[in-house]
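Structure first, then comments.
Derivation of every value follows stated rules applied to the coordinates shown; laboratory data play no part. Just so you know, these numbers come straight off a predicted model, no measurement behind them. A quick note on method: Cβ atoms are made from the backbone with ideal geometry, for glycine too, and the neighbour counts reach across all protein chains shown.
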Amino acid sequence: MPLHKDLTTSNIHIAYAYSYANAAARTGAGGFVAADLGKIAWQTDNNSFWSLVATTPTWVELTNTSLATIPVFTTDVVASDQAASSTSKVTTTLEIAVAANTNYLFDGALFFDANTTSDMQCDVTGPASPTDFYMNFSVAEDGTGSTVTAFSSATGVLGGATGVVRTCRMAGILRNGANAGTVVIRFSTNSGTNTCTVKRGSWLRMQTL
């Protein structure tokens with residue numbers, strides 16, 4: 001059998017998996033499964049090409065600058081958030097919408113200032129009944145951290161130092177089920193009533209698998 005690079009004319013397969021007459025036909029198509037993510041559609045009315053990034057379906061147009069790259073979604077904290085107790089979770093602006101039946105990778109960083117005796121605690125909210133969810137939180141400066149395996153399940157102690165900004169790195173995976181929703185990072189102090197502040201510039205990034 002010849003190598004793919006040596007094939008010529010009619011022996012070369014087409015580059016797209018689907019063909020649609022117009023945008024309405026493309027966005028109205030259905031029956032996609034996770035294995036279809038990343039496949040290409042040709043929209044014939046304007047000769048455009050689109051990559052399937054969620055089974056809902058969600059499409060991203062391929063242009064000269066985007067050519068088949070996996071879409072990456074990033075959000076950041078634009079104004080510092082502060083928690084005043086361990087019983088009141090503060091919802092950050094680190095939130096990203098996720099589609100049903102789609103898999104995602106996450107990474108990010110929380111820059112935080114927490115009292116040495118009260119530290120910080122985090123959790124993540126998201127859509128109901130995911131197939132799998134794991135998010136690790138790790139503080140670089142003192143090695144504290146833990147992995148949550150369910151939405152709204154709190155981390156262990158994330159070590160703070162009074163008056164010092166520390167970095168808590170985040171890394172996770174979501175294999176989502178039948179429910180779309182929004183993934184949101186929340187935080188509070190781990191104990192006591194001292195304040196904990198998540199600083200402007202903290203960020204969360206997501207890409208589809």
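For Gly145, the shell of other residues with beta-carbons less than 13 Å away shows a net charge of -1, using +1 for Lys and Arg and -1 for Asp and Glu. Quick check: from the Cα gyration tensor, does the chain come out rounded (a/c under 1.5), prolate or oblate? Cα axes put the chain in the prolate bin.
All other residues whose Cβ lies under 12 angstrom from that of Arg200 are scored, Lys and Arg at +1 and Asp and Glu at -1, for a net of -2.
Identify the residues of the stretch 137-156 with backbone N under 20 Å of a label point that sits 7 angstrom from the Cα of Trp203 along the Cα-to-Cβ direction, or state none. Flagged as within label range: 137-141.
Evaluated with a Cβ-only charge set (Lys, Arg +1; Asp, Glu -1), the chain carries a dipole of roughly 100 debye about its Cα centre, given to the nearest 20.
Points 7 angstrom from Cα along the Cβ direction at Asn136 and Arg169: gap in nanometres? Roughly 0.8 nm, to one decimal.
Relative contact order of the chain, taken over Cα pairs closer than 8 Å and 6 or more residues apart, is 27 percent. Sorting the segments 152-162, 119-129 by their mean number of nearby beta carbons within 10 angstrom, highest to lowest, gives 119-129, 152-162.
In terms of its alpha-carbon gyration tensor, the stretch 117-160 comes out prolate; a/c meets the 1.5 threshold, and the first ratio a/b outweighs b/c. Charge tally around Thr55: other residues with Cβ under 15 Å, Lys/Arg +1 each, Asp/Glu -1 each, net +2. With Cα atoms defining each centre, the stretch 78-127 and the stretch 147-209 are spaced 3 Å apart in the structure.
For the pair Ala79 and Ile14, a Förster radius of 41 Å applied to the C-beta separation gives a FRET efficiency near 0.25, rounded to the nearest 0.05.
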